[in-house]
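Below is one structure, written out as structure tokens, with a few remarks after it.
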Amino acid sequence: MGYSSAPTVLGILKHLKRSKSDETSGLPSLLIRDAHIWTKNDTTRGSILVEQGKIRRIARNITERADGEILAQRLLVLPGLIDGHVHLRDMKLSYKEDFTTGTAAAAAGGFTSVIDMPNSLPPTDSAERLRERAERASGKILVNVGFHSAALNDYDEVRAMKSAGAFSMKLYMPSPIASLDIDDDKVVIQVLNAAKQASLLLTVHAEDATKFPMTGEIRTFAEMVRLRRGIAETSAVRRILRLQRPIGCRVHFCHISLPSSLSAISNRSSGHVSSEVTPPHTLLSQNQVKRLGWKAWMLPPLRSHKDTRKLFRAMKMGIPTTMATDHAPHTVKEKARTPRKSSPGIPGLETALPLMLTMVNKGKLSLGRLVSLLATNPAKVFDLRSKGRLENGADGDLVLVDLKKRGRIDPDKFFSKAHYSPFEGWKTQGVVHTTIVNGLVVYREGEITGEPGIGKVLKSGRHV
């Protein structure tokens, strides 16, 4: 979320102070004193000492001195948030977003680790491309960044992408990045088997393109939503579950938008299947598409008000595994086109936590569930063993929030290059005060205070 006092990213980067994030032995220590600290089931009063990028001690009173200190009497400390589904663009899409602006948005939203999707330009569809993208990100990022790769049915290349650090293969069923005949069950089985053999997670955008014939003239975004029918999602989910069952590879379903899809996933007793929801699909409905047009156009599309309420209720009950933003920035020029040509997707890194904290303040969502959705469970799904919790020895990734402070979502203040949102004007209660990555303060009260390079490039299987 942006604040009225927040300067632009370019203005901030001119006044940054150098920090050596790649040398943990040289990292300054930090003491967060007298805060409300989230534990496994509740909050407790105390202090947190971070040394060399790790949480060294959590206690009621800590008398040691540190290089830096934050007096946090009115603040709540949560584990740094983890977003497993973002599009950071950069490279040939830098005009939409780049690694620095995207991770600045993440820091402003309380996210200390994010995992980038492979539909970049060029796409992340090989081990070589993944290494190239990781090298490009190194030195530019303000939070920790990992990478997904495109789904392939070539086992040798899949194994190579896993060795290069890919956190998953992403299967875009409506339009695969790689040249795959997704309509053929044999091809999908090959993808599933390759994921199983490489011990690599398969993330899935589950929509069956044959279920939404897009022919004829489309005049409104509401018509686009109606044509992108819900059966496309539920049938794709059920098909993947049917094909995955005998193989047993791990599958994570992205941005589920329908209660029926979520029910099908949650009814699978195996621990190899997980699910994700997003703030828009749990808070908005297709009524916003009628009113806001391109500002609320995303895929899968927003659903009926009834479906939205059921999905939120399921989230409150703990049925979906994680929440992600699906941060998908575009230029306004790309969005404000005819419905057929408008680019689907919205920025979300700076709005997710304020929106969910507002739900907590209203009594509609428990704080424990919020932490599970945005920190604890993403760490488990993506095997980030030293993240997602506040414990001795865990990574020094933390977010300090002011639960009482009120705000208003203003896209003009976003650090992202995408200055639009269907949540524009929404009043919130609960804001990000400070974001700490690897023991270093990167964001504080509306300003980026760290330098690009503080964030680490994350690689699957290598736990920092």
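No value in this document is a laboratory result; all are computed from the given coordinates. Predicted model only: the values in this text are computed from it and were never measured. Note: ideal-geometry Cβ built from the backbone for every residue, glycine included; neighbour counts use all protein chains shown.
One table, with the values for the structure above:
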read-out	value
Mean Cα-pair separation over length for the chain, i.e. relative contact order, pairs under 8 Å, 6 or more apart, %	24 percent
Compactness of the stretch 323-417 - radius of gyration and Dmax, Cα, Å	16.5, 53
Theoretical ellipticity at 222 nm over the chain - DSSP helices of four or more residues, -39500 (n - 2.57) apiece, nearest 500	-7500 deg cm²/dmol
Total lysine pairs under 22 Å (Cα atoms) in the stretch 241-362, excluding pairs fewer than 8 apart on one chain	14
Distance cut-off 35 Å, percentage of C-alpha pairs in the chain lying past it	25 percent
Alpha-carbon centroid distance for the pair the stretch 142-165 / the stretch 399-464, whole angstrom	27 Å
Share, in percent, of DSSP beta bridges within the chain that are antiparallel, nearest 5	50 percent
Added length on full extension, which subtracts the Cα-Cα distance from 0.36 nm per residue, K427 to T210	74.1 nm
Computed E for T39/R406 - FRET, C-beta separation, R0 30 angstrom, nearest 0.05	0.70
